[in-house]
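**Student:** Here it is, the structure in full.
The values are calculated or read from the model by the stated rules, or taken from the named source; none is laboratory data. Here the structure is a predicted model, which is why all the values come from computation and not from measurement. Here the Cβ positions follow ideal geometry from the backbone for every residue, glycine too, while neighbour counts run over all protein chains shown.
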Amino acid sequence: MGIFRNLTDFFHKVLRFIALILILCMLILIIKWRYDALYIESTTRSNASFSIFDEVKKIKNDLIATKNGEPIESPIPVVVDDKKDMVTVNISENESVESIANSLLEKDLIKDVEAFKVMVNDMGLYNSFVSGTYSFKKDTKVLDTLMQLTNSTYREYDFEIVEGENYQVVGKKLLNIGAIKSEEAFEQQCKSLGVENSFKPGKYTIATPSKVVRIIEKLTGQTLEPK
């Protein structure tokens, strides 16, 4: 009985020792995996992953390389297929903004149909959508999505109005920086809105594309057209 008890105690000690070694090995493996994963994230621009199974393969290759006297290579990332993060949007000829907005909502590219329609209106892009098939990353910003669907380019301009400048001077300056396309159309809209001499002096940031009335509202501090 004494011998049997001693053997049992011995095997228990061996098993505890083996379990301890396995736990230590797992901890070392996890620490090394996280280190290599962080290394990949800091050196790889594209989407990439490096799983713990990739770490096991790397350790195996490192052991073989060490045995053969070969240099140990840096961890190689497994590039994630970007197609999994892409969504496709189809726009038909003369499709309504409402329909386009609903399609974008279904694809989770926008969160609010009405807010999207307001953006389209403020930018004067209601009739600018180009029919076709588009691919977007799921995390594409709403503004970037709209620019691509309308083949537009978002720009910002620094602009300043000096005390006493009227609609004609302001129109010329806006045309010169590229914020409007027609000086005459700008002047005509100012007249129809009755704001020829309502422009407030100061420094502004003008964003385009934009409806001309929205630019006038910004520069006069008035609400001239309901959104």
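**Student:** If a residue has to be assigned to a strand (DSSP E or B) and within 30 Å of the chain's Cα centre (by Cα) to count, how many in region 152-168 make the cut?
**Tutor:** The qualifying residues number 5.
One line per residue, one yes/no per condition, for (1) at pLDDT 95 or above; (2) in a loop (DSSP other than H, G, I, E, B); (3) under 15 Å from residue 155 (Cβ atoms); (4) of a type in the set (Ser, Thr, Tyr):
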{"position": "170", "(1), (2), (3), (4)": "yes, no, no, no"}
{"position": "174", "(1), (2), (3), (4)": "yes, no, yes, no"}
{"position": "181", "(1), (2), (3), (4)": "no, yes, yes, no"}
{"position": "186", "(1), (2), (3), (4)": "yes, no, no, no"}
{"position": "191", "(1), (2), (3), (4)": "yes, no, no, no"}
{"position": "200", "(1), (2), (3), (4)": "yes, yes, no, no"}
{"position": "204", "(1), (2), (3), (4)": "yes, no, yes, yes"}
{"position": "210", "(1), (2), (3), (4)": "yes, yes, yes, yes"}
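**Student:** So is residue 135 hydroxyl-bearing (Ser, Thr, Tyr), over 30 Å from residue 113 (Cα atoms) and outside any helix (DSSP H, G or I) or not? If you could, list the steps in order and put the result at the bottom.
**Tutor:** Values: hydroxyl-bearing (Ser, Thr, Tyr): yes; over 30 Å from residue 113 (Cα atoms): no; outside any helix (DSSP H, G or I): yes.
Answer is no for this residue.
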